[in-house]
Amino acid sequence: MRLFKAGASSVALRTALAYFVGAGLWVMFTDRVLESMARDMRSLAVLDMFSDLAFVAVTGVFLYLLIRAEAGEAGESARRLEASEDRLRRTVETVSQGIVLVGRDRRAQFANAPAMRILGLSAEELASRTYDEWGLLDADGHPLSNEECAPEVVFSTGAPVLGLRRSIVRRDGTSVALELDAAPLPGGAGRPVGATVSITDISEHVEAEHRLRRLARARAFAAGAMQVFARAGTPAALLEGLCHAAGERGGFELAVVWILEEESGLLRSTYSCGAAADRLGSASVPAASDADEWPLAEVVRTGRRYVSNDARADVRLSAWRDAMQGPVGGSWAAFPLASETGPFGVLTLASGSKGFFGADVVDLFDSLAQDAAFVIARMHAEERRMRAEEELHAHKEHLEELVAERTEQLGEQRRASSELLANMSHGLRRPLNSVIGFTGVLLEGLAGDLTAEQRFQLGMVNRSGRVLLSLANDLLDIARIEGGRTQLDVAEADGTSLLEAAAELVRADAELKGTRLRVSGRPGVHMVTDASKVQQVLLHLLEEAVEGTRDGAVEASVTASGEDVVFRVIETGGPGREDVGRLFDEFRRTGRAPDDVPAASGLALAVSERLALSLGGSLTIEPVNGGGAVFTLRVPAVYDGSGAV
Amino acid sequence: MGRRILVAEDDPQNMYLVRFLLEKAGYEVLSAGDGEVAVEMARTHKPDLVLMDMLLPRLDGYEATRMLRDDPGPDLPIVALTAYSMKGDREAILEAGCDGYIAKPIDPERFVAEVESYLGEEEA
């Protein structure tokens, strides 16, 4: 029942009812009691008065108690309310967000300390002015309009607004990024009487976001650059790739690789990439230019990077801004590209936002530039090595060519000289034909009888002719051997027969001289070789021995010894045969006999040695103690085609 | 024995020697100084034997021999006179069509006998 509900009016009602009932009962009862007690009218009147006074007193006490209780409660409530308000205020003051209560008059009815700090305004200013009078500017420097403010949105829509982001510039010029949440304060009839706005300073948050993005771009650039380093084949490809990585992966507004040209002393924008690349076109800067105007030259000279995080305001970039012919990005940095001999270029990066080149990314870019320079240096070294190899190779080939040429030349010379010899020998033969032929005819008596003396003298002429012929044949043999045209007529032969046949040819001369000639050798010394050449050598040796011996004894022998056949011609008592070794050596070395020895013997021995070699054998001469010499001709029993020419 | 020998030799001294020896032995000797003349004379005068020096001017002995083998043919004895005695030369001489060779310098003692050995078959 309504009567017993809690609430101020029901309490009052209850109290009133209780009073009515109590007071009514008192009045009724006291009147009856007094009537029964009173003896006369005067005592009744006095008793009435006392009961009325008592009634007033009780009512007064009752009222006093009631009011005191109520007042106490009210005071209690007021205290509780005050305490609660106090707690609320403290809470509101200690949050980090700014809380502002705005009324429909666009003035702040309440603002906590953080709000004042964030907005840069005092409580009075907030309370006394509307927000367009607060003096705040947006990011472009224009004053905030009322429509831009969060409360307006709430007032117009009646609904809360969450997560509104604004970047503003405070009156002291500093800028701050804010996130706003606004909710309506309900009033009567559903229209908001105001709005509560929570303001959060997200500047750090925004800064962190920017940093992350910067890092992401820097890492993308670095990753792209790494790929370029791995793949690029030439320094040009590497630098171009680096530029592209910066422009495309790193998202820089403009990335330029400047190369220092030695001859002109200019830094030329060799590679460029990025949204603003076309505006730069092809530019060049003297490397010796005044550093104040253009930091590029300074970077190249000193090898130190240059970083500007507010390119628009940087005085030193005025020339850069002119070159770009238009708005430039917010940040600009130049990193040196250096080889072991010094900087050869610069990498410049321009970013649209200010403050891009924080410490965290600048070092990364620096090391990228250094890596690029390092890889290029390695490429140069590689190139130099390859060029050196090529040169070496070319040189080697050239040498080989030269050697081939020289060999051919020598071969030709050889052939020419052997042709000469061949011609000479042929030319010698013709007259020799006549000498031998006609003396032969005369000695035969075909042209008439001869006296003994004539016969004797003609005999000497004839023999001389034969000697000359033999020499001419020797010369021809040498020519053939030297010219590589020796042809061996290899056939079966008997070593002993060869020796005996050669001895026969010499016997006449030996008898004439009075020299004993003894030949020894067992029959059946089987050979497969060029018999005529062997015989030629044996003939030479025997002639030599017969010629040289002093006490008149020559012994010739032939034996089989292992795979060889050894012919020995021993001449005893020859004149200073210790000379022979010298003779041999001299001839072999210089092609001439020493002056004190007859030339013919030298030639014959030289030819003999060469013939021996061409048969795959050898010829040696050793002096004998007490005078004389041993000639040893060693020839393989079976010619195996390995004769030296 | 009234037989005719054509000698093709360009060295006059050697020619003299050969002629001397052959005429002494009773042969008629015709001489030609070079290969072309040799071929002509062989065809015209029909000798019984040709002594061919292999090194002749104009037409060398090898060519001349080949031509003679065409005309008059293989029956004509042709003997080479050669200074070379190398294996290769001998083969070349035989291949050109010569019946044999006599080495130079000629040995006067044996020369005529060697020549006659090539004429011998002709004797009836």
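Observations on the structure shown:
- Just one of the numbered conditions (1) modelled with pLDDT under 85; (2) exposed (fewer than 12 other Cβ atoms within 10 Å of the Cβ) is not true of residue A:90: (1).
- Residues (touching a residue at least 24 places away in the same chain (Cβ under 8 Å), in a loop (DSSP other than H, G, I, E, B) and within 21 Å of residue A:202 (Cβ to Cβ)) located in the range A:88-109: A:96, A:97
- Top-ranked residue in the range B:1-46 [being among the acidic types (Asp, Glu) and within 14 Å of another protein chain (Cβ to nearest Cβ); ranked as nearest to residue B:93 (Cα to Cα)]: B:9
- In the set (1) more than 23 Å from residue A:268 (Cβ to Cβ); (2) surrounded by fewer than 23 Cβ atoms within 10 Å (Cβ to Cβ), residue A:331 fails one condition alone, (2).
- Residue match in the range A:304-322 (condition: at positive phi, outside any helix (DSSP H, G or I) and not charged (D, E, K, R)): no
- The residue of the range B:1-37 that is nearest to residue B:53 (Cα to Cα), among those that are out of contact with any helix residue (DSSP H, G or I) (no Cβ under 9 Å at 6 or more places or on another chain) and among the small types (Gly, Ala, Ser), is B:26.
- When residue A:55 is tested against (1) hydrophobic (A, V, I, L, M, F, W, C); (2) within 30 Å of residue A:198 (Cβ to Cβ); (3) touching a residue at least 12 places away in the same chain (Cβ under 8 Å), exactly one condition is not met: (2).
- Of the residues making up the range A:222-249, those that are assigned to a helix (DSSP H, G or I) and in contact with an Asp or Glu (Cβ under 9 Å, 6 or more places away or on another chain) are A:224, A:225, A:226, A:228, A:229, A:235, A:247.
- Just so you know, in the range A:436-458 the residues that are within 12 Å of chain B (Cβ to nearest Cβ) and loosely packed, with under 12 Cβ neighbours inside 10 Å include one that is nearest to the chain's Cα centre (by Cα), and it is A:445.
Rundown of residues vs (1) surrounded by 15 or more Cβ atoms within 10 Å (Cβ to Cβ); (2) on the phi < 0 side of the Ramachandran plot, yes/no style:
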| site | (1), (2) |
| --- | --- |
| A:125 | yes, yes |
| A:135 | yes, no |
| A:139 | no, yes |
| A:156 | no, yes |
| A:160 | no, yes |
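- Tabulated pairs, the range A:382-395, first not assigned by TED's automatic domain parsing to the domain that holds residue A:234, second at pLDDT below 90, C-beta under 9 angstrom, 6+ apart or interchain: A:383/A:234; A:383/A:235
- Looking across B:49, B:56, one residue alone is in contact (Cβ under 8 Å) with a residue 40 or more places away in the chain and within 14 Å of chain A (Cβ to nearest Cβ). It is B:56.
- Of the residues contained in the range A:421-435, one or more are found to be modelled with pLDDT under 90 and more than 14 Å from every other protein chain (Cβ to nearest Cβ).
- The set of residues from the range A:445-466 being farther than 20 Å from residue A:431 by Cβ and not in a loop (DSSP other than H, G, I, E, B) comprises A:452, A:453, A:454, A:455, A:456.
- Residue within the range B:91-112 that is within 14 Å of another protein chain (Cβ to nearest Cβ), modelled with pLDDT of 90 or more and part of a helix (DSSP H, G or I) present: yes
- Among residues of the range A:218-242 that are over 23 Å from residue A:268 (Cβ atoms), those with a beta-carbon under 9 Å from a residue that is among the hydroxyl-bearing types (Ser, Thr, Tyr) and assigned to a helix (DSSP H, G or I) at least six positions away or on a different chain give the pairs A:222/A:367.
- For residue B:78, the conditions (1) among the β-branched types (Val, Ile, Thr); (2) within 17 Å of residue B:5 (Cβ to Cβ); (3) modelled with pLDDT under 90 are fulfilled apart from (3).
- Flag for residue A:377 being part of a helix (DSSP H, G or I), surrounded by 13 or more Cβ atoms within 10 Å (Cβ to Cβ) and in contact with a strand residue (DSSP E or B) (Cβ under 9 Å, 6 or more places away or on another chain): yes
- Which listed residue is polar (S, T, N, Q), modelled with pLDDT of 60 or more and buried (at least 22 other Cβ atoms within 10 Å of the Cβ), from A:601, A:618, A:608: A:608
- In the range A:187-214, the residues that are under 30 Å from residue A:349 (Cα atoms), of a type in the set (A, V, I, L, M, F, W, C) and either loosely packed, with under 13 Cβ neighbours inside 10 Å or in contact with a Phe, Trp or Tyr (Cβ under 9 Å, 6 or more places away or on another chain) (or both): A:208, A:212
- Within the range A:270-286, considering residues that are under 21 Å from residue A:376 (Cα atoms) and crowded, with 21+ Cβ neighbours inside 10 Å, the one nearest to the chain's Cα centre (by Cα): A:271
- Unmet criterion (only one of (1) surrounded by 13 or more Cβ atoms within 10 Å (Cβ to Cβ); (2) assigned by TED's automatic domain parsing to the domain that holds residue A:240; (3) within 31 Å of the chain's Cα centre (by Cα)) for residue A:372: (2)
The rows are residues; the columns are (1) surrounded by fewer than 17 Cβ atoms within 10 Å (Cβ to Cβ); (2) in contact with a His (Cβ under 9 Å, 6 or more places away or on another chain); (3) not hydrophobic (A, V, I, L, M, F, W, C).
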residue	(1), (2), (3)
A:337	no, no, no
A:340	yes, no, yes
A:351	no, no, yes
A:354	yes, no, yes
A:363	yes, no, yes
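- Failed criterion for residue A:181 (all others in (1) in contact with a Ser or Thr (Cβ under 7 Å, 6 or more places away or on another chain); (2) farther than 30 Å from residue A:112 by Cβ hold): (2)
The values are calculated or read from the model by the stated rules, or taken from the named source; none is laboratory data. Source: prediction; values computed, not measured. Reconstructed Cβ throughout: ideal geometry from the backbone, glycine too, with neighbour counts over all protein chains shown.
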